[in-house]
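Engineer: Starting off with a structure, shown below.
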Amino acid sequence: MPSDQELAASQSARVGVLKFTLFVLLVVALVSVPFVVFGESFAFPLLEQRQHQAGWLVLIAIALLAADAVAPVPSVLVIVFLAAKAGWLAGVIGGTVGLSAGVVCAAWFGRAAVGRIAPKFFPEAELARLRDALHRQLGLTLACLRSVPVLAETSVMVAASVGVSRRRIFWATLLPNFAISAIYSLAADDSFSTAVLAFFATVVPSYALWRWVGRRA
């Protein structure tokens with residue numbers, strides 16, 4: 001029969017998991033609000049106005065992807081549109097730069113805004129443990145969630161809010177951002193249906209890998 005100390009530790013762990021889950025759901029809600037209020041359609045008129053001017057189209061796509069953390073930008077569709085109209089190379093470059101700029105903006109917002117909420121959920125000791133846990137699996141967690149809408153931004157904000165440095169977050173997501181941009185740009189060069197298949201081909205393995213490694217850990 002477990003001792004009182006073991007029962008207390010188990011209960012404390014369950015409370016910690018519940019608080020972290022509620023905290024993540026709060027951040028998910030913050031990220032989702034612009035989509036609920038404004039929808040996703042506002043991005044496409046901006047792209048369509050310059051669809052025959054490759055240089056302008058790349059710059060607009062980068063700006064939209066950079067604002068993805070606080071604006072309702074369907075990043076996958078932006079990359080697909082960019083690659084379809086300006087070529088796969090423009091899609092890869094613009095997508096990588098834009099997604100990486102979006103990571104920087106999301107990390108800044110996570111540190112400046114969400115970071116003020118985190119201490120209301122966790123005392124300093126728990127924040128330190130969360131920070132250490134994220135440091136150990138930062139690359140895998142952020143990489144696997146980069147292809148998942150909403151969770152991509154949420155994971156970056158949560159990591160920044162508990163004290164993970166923006167530099168570490170940037171470098172941990174740079175290669176996944178390039179891979180995502182390349183996959184969707186090459187898929188868009190074929191057909192939109194191929195791009196949709198590419199979306200599920202990136203999300204499902206990423207989620208499976210994240211769950212598998214999490215269970216082993």
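The values are calculated or read from the model by the stated rules, or taken from the named source; none is laboratory data. Note that the structure is predicted; figures quoted are calculated from it, not measured. Glycine also receives a Cβ, built like all others from the backbone with ideal geometry; neighbour counts cover every protein chain displayed. The area values use the complete protein model at the heavy-atom level, side chains included, leaving out ligands, DNA and RNA. Shrake-Rupley method; radii C 1.70, N 1.55, O 1.52, S 1.80 Å.
Engineer: Those residues that are surrounded by 22 or more Cβ atoms within 10 Å (Cβ to Cβ) and touching an Asp or Glu at 6+ places or on another chain (Cβ under 7 Å), I need them from the stretch 68-82; list them, please.
Structural biologist: Asp68, Ala69, Ser75
Engineer: Here is a further query. Tell me whether the stretch 193-204 contains one or more residues that are touching a Cys at 6+ places or on another chain (Cβ under 8 Å) and modelled with pLDDT under 85. If you could, list the steps in order and put the result at the bottom.
Structural biologist: Filtering the stretch 193-204 down to residues touching a Cys at 6+ places or on another chain (Cβ under 8 Å) leaves none.
Checked the stretch 193-204: no residue is touching a Cys at 6+ places or on another chain (Cβ under 8 Å) and modelled with pLDDT under 85.
Engineer: Hey, among Leu65, Leu46, which residue is part of a helix (DSSP H, G or I), touching a helix residue (DSSP H, G or I) at 6+ places or on another chain (Cβ under 7 Å) and open to solvent by 50 Å² or more (accessible area, probe 1.4 Å)? Don't jump to the end; show me each part of the working.
Structural biologist: Working: Leu65 fails: open to solvent by 50 Å² or more (accessible area, probe 1.4 Å).
Exactly one of Leu65, Leu46 is part of a helix (DSSP H, G or I), touching a helix residue (DSSP H, G or I) at 6+ places or on another chain (Cβ under 7 Å) and open to solvent by 50 Å² or more (accessible area, probe 1.4 Å), namely Leu46.
Engineer: Condition first: among the β-branched types (Val, Ile, Thr) and either open to solvent by 30 Å² or more (accessible area, probe 1.4 Å) or part of a helix (DSSP H, G or I) (or both). Now tell me which residues in the stretch 151-162 satisfy that.
Structural biologist: Our first condition is that a residue be among the β-branched types (Val, Ile, Thr); within the stretch 151-162, this holds for 154, 156, 158, 162.
Thr154, Val156, Val158, listed by residue number.
Engineer: A follow-up question, please. Restricting to the stretch 106-150, what's the tally of residues that are modelled with pLDDT under 85, open to solvent by 20 Å² or more (accessible area, probe 1.4 Å) and within 19 Å of Leu174 (Cβ to Cβ)?
Structural biologist: Number satisfying all stated conditions: 10.
Engineer: Tally the residues that are of a type in the set (Gly, Ala, Ser), open to solvent by 30 Å² or more (accessible area, probe 1.4 Å) and either in contact with a helix residue (DSSP H, G or I) (Cβ under 6 Å, 6 or more places away or on another chain) or in a helix (DSSP H, G or I) (or both), restricting the search to the stretch 163-181.
Structural biologist: Of the residues in the stretch 163-181, 2 are of a type in the set (Gly, Ala, Ser), open to solvent by 30 Å² or more (accessible area, probe 1.4 Å) and either in contact with a helix residue (DSSP H, G or I) (Cβ under 6 Å, 6 or more places away or on another chain) or in a helix (DSSP H, G or I) (or both).
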